[in-house]
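These notes concern the structure reproduced below.
The values are calculated or read from the model by the stated rules, or taken from the named source; none is laboratory data. Given the structure is predicted, the values throughout are model-derived calculations rather than measurements. Glycine also receives a Cβ, built like all others from the backbone with ideal geometry; neighbour counts cover every protein chain displayed.
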Amino acid sequence: MATTVSQIDVWRAERSEHPNLEFKEAKNQFDNKRLYKYCVALANEGGGILLLGIEDRPPRRVVGTSAFNDPNDMTAKLFEVLGFRVDIEEVAHPGGRVLVFHIPSRPRGTAFQFEGSYLMRTGEELRPMSEDRLRAIFAEGQPDWLAEPATKGSSESDVVELLDTQGYFELLRLPYPSDRSGVIERLERENIIYRNGDAWAITNLGALLFAKKLHEFEGVARKAPRVIVYEGKGKSKTKSDITGAKGYAVGFQGLVAFVNGLVPSNEVIEQALRHEVKMFPEDAIRELIANAMIHQDFAISGASIMIEMYDDRMEISNPGTPFIPVDRFIDEYQSRNERLADIMRRFGICEEKGSGFDKVVLAAEAFQLPAPDIRVGTGRTTVVLFAPKDLEDMNRKDRIRACYQHCVLRYVMNEAATNQSFRERLKLPESKAATVSQIFATTVEAGMIKLGDPNQTSTRYRSYIPYWA
């Protein structure tokens, strides 16, 4: 173990705390129950480090702590109360005494609890885990739906006939093998198929991604994405209802192009030239469809990805509720289906971890659209893209959401969110500076953002950061 002063300084230099790293000032004392809760939460997030005696705001000055003068006694108490061992180190830092708590990861398929609450860490807060997250943890070690067979007795010719093997190699930019055995060998290595006696089984993952016709796989057919276009702003009248035919990977580009083709266009005149601009940015549509595919809960039967279009908005939803709070979608990432996410990243369908929703917000800002809204219902997560709307027509929630997302986006880009940057986002003149300042004040009052520098008195030079930064 033997944590060094230099290692503590490396941790202090981290841009922000995360689910596996926590700082607490705790100059004089730290409540035992609070410590138990943090140990449980960090263990549930895969283990991590809790440091006492260090401020939790950058530059994270070392102030020293006099809490827990007998670390061995506290180690014993933690084991007695929580049932798992937490090792505690005392480090003599030049700035003062630092306590380092080394918190182990929970065992696979198990979640720790304290006083009946299965806790996880989100931003600066501890909160109970969602039912979806707990269900996923308890299912660890059990057969993964994606690894289960969609077919069991397929011959090599059946595999090639049912799956778009050509599409697989094209997505990876690999030459197509000269014989069928080369194709089969590659698919087996990818866990798209596996040997089942004298035949082959196609996994749900293989069918879901590469099916030429999803309806030919009974257990996967209901996972096909649906595109529904309504007349007006409600569901009472349907113009069209189309269900996707191909697997997610081989049909992705066609699905995005189809949806984008349904998006209304507005005619814009710039420099005396007329050109059409889509109501919703294709980049945002692409990212949201990919996210819906990757983050859906396959344990929910009879539910599929939905892309629903109304006169004033587009809603893209997936079965399942997220593992992280909706206000952390821009800066955090936790996938329900890592295997699926990994292969779709290699195909270039989705971005690296945590960057997908950034692109959605950035595209919405570039198109001067209201901020996307994330809605979590019973067993379903929906992201809403809104048609263009003037600031005067935005309600209080719209303005707060736009201001918060702007601050988060600027923060993860290492740039300041200011009156000027938000005016540019809203395409407002300098004469509207007071209006923008009021939106910032309202968002601060709502607890979503805070001043980047509390000592800055000039409204002109104020900057803002997310509440959790």
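In table form, for the structure just shown:
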| item | result |
| --- | --- |
| Evaluation of Asn191 against (1) part of a strand (DSSP E or B); (2) farther than 30 Å from Lys278 by Cα (one fails), failing number | (1) |
| Count of segment 162-180 residues which are touching a residue at least 24 places away in the same chain (Cβ under 8 Å) and more than 35 Å from the chain's Cα centre (by Cα) | 1 |
| Residue in segment 417-469 that is modelled with the lowest pLDDT, counting only those that are within 30 Å of Ile324 (Cβ to Cβ) and of a type in the set (Phe, Trp, Tyr) | Trp468 |
| Hits in segment 438-459 - residues which are surrounded by fewer than 16 Cβ atoms within 10 Å (Cβ to Cβ), closer than 14 Å to Ala417 by Cβ and in contact (Cβ under 8 Å) with a residue 24 or more places away in the chain | Thr459 |
| Sole residue being of a type in the set (D, E, K, R) and either farther than 17 Å from Leu82 by Cα or not in a helix (DSSP H, G or I) (or both), chosen from Lys33, Lys27 | Lys27 |
| Filter pass, Glu140 being at pLDDT 90 or above, out of contact with any Cys (no Cβ under 7 Å at 6 or more places or on another chain) and of a type in the set (D, E, K, R) | no |
| Boolean, Asn204 is of a type outside the set (Gly, Ala, Ser) and touching a Leu at 6+ places or on another chain (Cβ under 9 Å) | yes |
| Verdict on Ala201 being in contact (Cβ under 8 Å) with a residue 24 or more places away in the chain and either closer than 16 Å to Arg339 by Cβ or hydroxyl-bearing (Ser, Thr, Tyr) (or both) | no |
| Filter result (of a type in the set (Ser, Thr, Tyr) and under 21 Å from Pro372 (Cα atoms)) within segment 393-434 | Tyr404, Tyr411, Thr418, Ser421 |
| Filtered residues of segment 120-135 (kept if assigned to a helix (DSSP H, G or I) and buried (at least 18 other Cβ atoms within 10 Å of the Cβ)) | Asp132, Arg133 |
| Selected residue [charged (D, E, K, R) and closer than 25 Å to Leu288 by Cα] from Arg380, Arg462 | Arg380 |
| Filtered residues of segment 354-392 (kept if over 12 Å from Glu287 (Cα atoms), among the basic types (Lys, Arg) and under 17 Å from the mean Cα position of the chain (by Cα)) | Arg375, Arg380 |
| Subset of segment 223-245 that is surrounded by 17 or more Cβ atoms within 10 Å (Cβ to Cβ) and out of contact with any helix residue (DSSP H, G or I) (no Cβ under 9 Å at 6 or more places or on another chain) - its residue that is nearest to Ser155 (Cα to Cα) | Ile228 |
| Top-ranked residue of segment 382-426 - restricted to ones that are of a type in the set (Asp, Glu) and assigned to a helix (DSSP H, G or I), ranked as surrounded by the fewest Cβ atoms within 10 Å (Cβ to Cβ) | Glu392 |
| Ile242 vs. criteria more than 22 Å from Leu172 (Cα to Cα), modelled with pLDDT under 95 and not in a loop (DSSP other than H, G, I, E, B) | no |
| Residue, nearest to Lys33 (Cα to Cα), within segment 108-158, restricted to residues that are β-branched (Val, Ile, Thr) and assigned by TED's automatic domain parsing to the domain that holds Tyr36 | Thr122 |
| Residue in segment 58-103 that is farthest from Asp31 (Cα to Cα), counting only those that are free of Cβ contacts under 8 Å to residues at least 40 places away in the same chain and basic (Lys, Arg) | Arg61 |
| Cβ pairs under 7 Å, 6+ apart, first in segment 369-386 and closer than 14 Å to Ile307 by Cβ and in contact (Cβ under 8 Å) with a residue 60 or more places away in the chain, second outside any strand (DSSP E or B) and among the polar types (S, T, N, Q) | Thr381/Thr321 |
| Residues that are more than 29 Å from the chain's Cα centre (by Cα) and surrounded by 13 or more Cβ atoms within 10 Å (Cβ to Cβ), drawn from segment 136-160 | Thr151, Ser154, Glu156, Asp158, Val159, Val160 |
| Lone unmet requirement of (1) within 30 Å of Ser317 (Cα to Cα); (2) of a type in the set (Gly, Ala, Ser); (3) more than 28 Å from the chain's Cα centre (by Cα) for Ala221 | (3) |
| Number of positions in segment 427-450 that are in a helix (DSSP H, G or I) and farther than 27 Å from Glu17 by Cα | 10 |
| Every pair of residues 6+ apart whose Cβ atoms lie under 6 Å, when the first sits in segment 210-239 and is in contact (Cβ under 8 Å) with a residue 60 or more places away in the chain and of a type in the set (D, E, K, R) while the second is loosely packed, with under 12 Cβ neighbours inside 10 Å and not in a loop (DSSP other than H, G, I, E, B) | Glu231/Lys239 |
| Search result, residues across segment 45-59 that are closer than 20 Å to Met74 by Cα and either of a type in the set (S, T, N, Q) or in a loop (DSSP other than H, G, I, E, B) (or both) | Gly47, Gly53 |
